[in-house]
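A short write-up of the structure that comes next.
Rule-based calculations on the coordinates, nothing more; no lab input. Because the structure is a prediction, the values reported are computed rather than measured.
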Amino acid sequence: MNLALFDLDNTLLTGDSDFEWAQFLISKGVVDRELQEAKNIQFYEQYKAGTLDIYGPARSTSTSSSTSSSPR
């Protein structure tokens with residue numbers, strides 16, 4: 001099996017790919033700007049500071065149809 005891994009953030013892409021992807025979705029109206037933009041910025045600031053709860057973003061975007069909010 002061949003495997004290729006790429007480090008996208010600040011190498012192949014300028015900036016953080018997770019943050020930029022969310023901003024792209026916001027700009028295209030795929031997700032609600034009012035609900036998501038402040039969260040995205042907050043998560044990115046926490047990430048840069050080294051204080052981000054890695055499960056926090058997943059919990060904040062999970063739907064009510066989810067059976068569990070705890071990581072597996």
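Quick look at the numbers
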read-out: Extension gain (nm, one decimal) between TYR55 and LEU8, 0.36 nm per residue minus Cα-Cα; value: 14.8 nm
read-out: Extended-chain gain in nm, criterion 0.36 nm per residue less alpha-carbon gap, TRP21 and GLN42; value: 6.1 nm
read-out: Cα-based convex hull volume of segment 1-52 per residue, rounded to whole Å³; value: 119
